[in-house]
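To start, the structure itself, in structure tokens.
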Amino acid sequence: MLVKKLDKKKLDYYKKLLLKLKESFLHDITNMSKDPGSQNGDSGDISGHVLHMADVATDMYDREFNLGLASSEREALNKIEQALKRIDEESFGTCVECEKSIPSARLKALPYAETCLKCQEKIETKK
């Protein structure tokens, strides 16, 4: 089957979209790392008083939640980098599994998608 390649105008559009997403994720990760108390185990209490166990648990939960978000965003950043590489190689918009074109609606919703919806469903049902 012949795969229809995206033209330069569309590739430029997706490249700008991906770069904007990348910048947004980097900004979010940076802000999470600047969150008071998110580093060095400090719960933000500078008074020297012992905190209530519920407060400590809430702080720990918040830190773990932020770490989970940062991990997800790092994963998305990796996928964005791979998508930018596929743009440079002119293979962007082609499913890496079946090599058919990925519909533009899917690429607009998830510009770093590397598979068509059918292949993605197959991958997820295998898990």
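Read-outs: derived from the displayed coordinates by stated rules, not from any lab. Values in this document were obtained by computation on a predicted structure and should not be read as measured data. Positions of Cβ are generated from backbone atoms using ideal geometry, with glycine treated the same way; all protein chains shown enter the neighbour counts.
Within the range 82-127, which residues are surrounded by fewer than 19 Cβ atoms within 10 Å (Cβ to Cβ), under 22 Å from residue 7 (Cβ atoms), of a type in the set (S, T, N, Q) and over 18 Å from the mean Cα position of the chain (by Cα)? Answer for the range 82-127, where residues must be surrounded by fewer than 19 Cβ atoms within 10 Å (Cβ to Cβ), under 22 Å from residue 7 (Cβ atoms), of a type in the set (S, T, N, Q) and over 18 Å from the mean Cα position of the chain (by Cα): 91, 101, 104. Does residue 77 meet the test of being part of a helix (DSSP H, G or I) and more than 14 Å from residue 22 (Cα to Cα)? The answer is no for residue 77.
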